[in-house]
1. Among all lysine pairs in the chain that are eight or more places apart or on different chains, how many have alpha carbons less than 26 angstrom apart?
2. Which of (i) 30, 17, 16; (ii) 23, 19, 16; (iii) 40, 21, 12 is the computed semi-axes √(5λ) of the Cα gyration tensor in Å for the structure on display?
3. What distance in nm separates the two pseudo spin-label positions at Leu132 and Trp148, each 7 Å out from Cα along the beta-carbon direction?
4. Skip the ligands, DNA and RNA, and give the accessible area per residue of the stretch 49-184 with a 1.4 Å probe, whole Å².
5. Using per-residue counts of other Cβ atoms within 10 Å, averaged over each peptide, order 27-38, 6-17 from highest down.
6. Counting only C-alpha contacts under 8 Å and six or more residues apart, can you give the relative contact order of the chain as a whole percent?
7. Near Gln175, within a Cβ-to-Cβ distance under 12 Å, what is the net charge of the other residues, with Lys and Arg +1 and Asp and Glu -1?
8. Calculate how many DSSP beta bridges within the chain are antiparallel, expressed in % of all such bridges and rounded to the nearest 5.
Amino acid sequence: MINRWDPSHLGRIDRLASIDDDARVLEVGCGQGHLTKALANRGLDILGVDANPRAAEVAGTDLVSHMRAEALEFDDETFDVILSVHAIEHIPALEEALAEMARVLKPGGTAVHIYPAEPIKGLYAIPTSIILHGTPFKAREVHCHKLWPSKLRGLMEPLGMTQTATEFSLLMSPQFASVFEKTG
């Protein structure tokens, strides 16, 4: 819940994903729902989910629900677009979460994942570790995974997901964006 709103993610998503006005969108790991609310203000049909039990309470919108990424409570092929901004590196059961995201994505749908480009797992989670745990030494518990585009592609391809774009950015901190399309 300590995530900060970075409006540059909205521009990045606009650039990487064509989201039709009638698309159903799911943001996984939405935290306080900043991006969810920004996209809803554009008129999109969007829901945000977060593993924090207080997510809906602190978001201040009925568009955010408490839900774990590895147990999404939606029917198969419900969403046209799935967004995950600085969330997948925090999910211990990452493979199960990615499988769930692929399950609820419609064929031809798009998934956009934005995640840190860390040279060492947890390096960019040190400030969060200090806030949450009072020590920098639990940063690897905050960021459970060190990811890069080819590693994520290797996790996604067996789920019927094809990588269509990848991007590296040095904005606020080094980060990757990977875009996938559900092919089958």
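The values are calculated or read from the model by the stated rules, or taken from the named source; none is laboratory data. Bear in mind the structure is a predicted one, so any value in this text is a computation, not a measurement. A quick note on method: Cβ atoms are made from the backbone with ideal geometry, for glycine too, and the neighbour counts reach across all protein chains shown. When the accessible area is computed, the model is the full protein with side chains, heavy atoms only, and any ligands, DNA or RNA have been set aside. Shrake-Rupley method; radii C 1.70, N 1.55, O 1.52, S 1.80 Å.
1. For the chain, qualifying lysine pairs total 11.
2. Entry (ii).
3. In this crude label model, Leu132 to Trp148 measures out at 2.4 nm.
4. On a per-residue basis, 48 Å².
5. Descending mean neighbour count gives 27-38, 6-17.
6. Rounded, it is 18 percent for the chain.
7. -3
8. Details: 15 of 32 bridges.
Expressed as a percentage, antiparallel bridges in the chain total about 45.
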